[in-house]
Every structure is written in C-alpha cells, then in structure tokens.
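Notes follow the structure.
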Amino acid sequence: QVQLVESGGGLVQAGGSLSVSCAASGRTFRRYTVGWFRQAPGKEREFVSAISWRGSSTYYADSVKGRFTISRDNAKNTVYLQMSSLKPEDSAVYYCAATVRLAVAEMVQYDYWGQGTQVTVSS
C-alpha cells in the first residue's frame, strides 16, 4: 500500500517557476514508477511526466519537455516536479501517482493516486 500527498502548488506569474512535491508513505515506494498528471477545468486528466523507480529513466509530455524536470529522492520517499517557463495553459490540479507497470503515460496503469495540488499561472 502506498499513500501519496502532493504539496507546493500555488499561484505564479507566466514565465515563472514552481516546484511541486509528492511525498509517499510505504516502505515499497522506491519500487514504483511515479508519474505526474494534471487536470484543468473542463478537460481530461493528462500525462505530464514520470520517473522510473531508480530515477534512471524520465518521461515527459511534449507540452512540458524542456520546461519541467522530474526527480526523486528515494531516501526521502519524495518525487519532485520542477516547473519553469510556466504558461497559463499549465494551470491545473497536479496529481502524482504510482505504478509498477511500464506504460507510464497511461492513467489507467496507475494504482495509487494523491489528492492533487492546484497550480495557477496568471498571464
């Protein structure tokens, strides 16, 4: 069993930076790939980024590639998403999720989800 709690969301101006964190409980957390998804009002939840359990592989949606960086610290049971050059269209609730499966961009492959943290980018 893994429990996930996101933090670090907030309001930032366009072009600014923000970092969100995903803290996990459960001693097996380090065995999970962790993904970030986001959902804007009226839109479907979409894949943003993921990191393998060792941190050796990272994945990004085209829309955030080059602007977002995912990392993890297994000693702290935490995954980070550093977001820079933020745009108003990045505004959404950001969710972290954990999976042992390989299809990291597919929401249905994830077994555990956090409650989400709001990120708002003003123009």
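A compact table of results
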{"quantity": "SER84 - accessible surface, heavy atoms, 1.4 Å probe, Å² rounded to 10", "calculated": "40 Å²"}
{"quantity": "Residue-wise HN-Hα coupling along segment 49-62, computed from phi with Karplus coefficients 6.51, -1.76, 1.60 (Hz; x: Gly, Pro)", "calculated": "6, 8, 9, 5, 5, 8, x, 7, 10, 10, 9, 9, 5, 4"}
{"quantity": "Sequence-distant residues sharing a close amide H with PHE68 (under 5 Å, placed H)", "calculated": "SER84"}
{"quantity": "FRET efficiency, 1/(1 + (r/R0)^6) with R0 22 Å, evaluated for LYS76 and VAL100 via beta carbons", "calculated": "0.60"}
{"quantity": "Gaussian network model of the chain, Cα within-10 Å springs - most flexible of VAL20, VAL34, VAL108", "calculated": "VAL108"}
{"quantity": "Percent of C-alpha pairs per 10 Å bin, the chain, short to long", "calculated": "15, 51, 29, 5, 0"}
{"quantity": "Of TYR60, VAL34, VAL12, farthest towards positive along the dipole that unit charges on Lys, Arg, Asp, Glu beta carbons give the chain", "calculated": "VAL34"}
{"quantity": "Derived scalar couplings ³J(HN,Hα) [segment 78-86; Karplus, 6.51 cos²θ - 1.76 cosθ + 1.60; whole Hz; x for Gly, Pro]", "calculated": "9, 10, 10, 10, 8, 10, 10, 6, 5"}
{"quantity": "Assigned charges on the beta-carbon of Lys, Arg, Asp, Glu; segment 38-123 dipole about Cα centre (debye)", "calculated": "200 debye"}
{"quantity": "Length released on extending from LYS87 to VAL108, taking residue separation times 0.36 nm less the Cα-Cα span", "calculated": "4.9 nm"}
{"quantity": "Nonlocal amide H pairs with LYS87, under 5 Å, H built at 1.01 Å", "calculated": "GLY15"}
{"quantity": "Rounded to the nearest 10 Å², the accessible area of LYS87 at probe 1.4 Å", "calculated": "80 Å²"}
{"quantity": "Length added when fully stretched, SER57-ALA40, from 0.36 nm per residue minus Cα-Cα", "calculated": "3.5 nm"}
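The values are calculated or read from the model by the stated rules, or taken from the named source; none is laboratory data. In this text the structure is predicted, and so the values were computed from the model without any measurement. Cβ: placed from backbone, ideal geometry, glycine included. Neighbour counts: every protein chain shown. Only protein heavy atoms, including side chains, enter the accessible area calculation; ligands, DNA and RNA are left aside. Shrake-Rupley method; radii C 1.70, N 1.55, O 1.52, S 1.80 Å.
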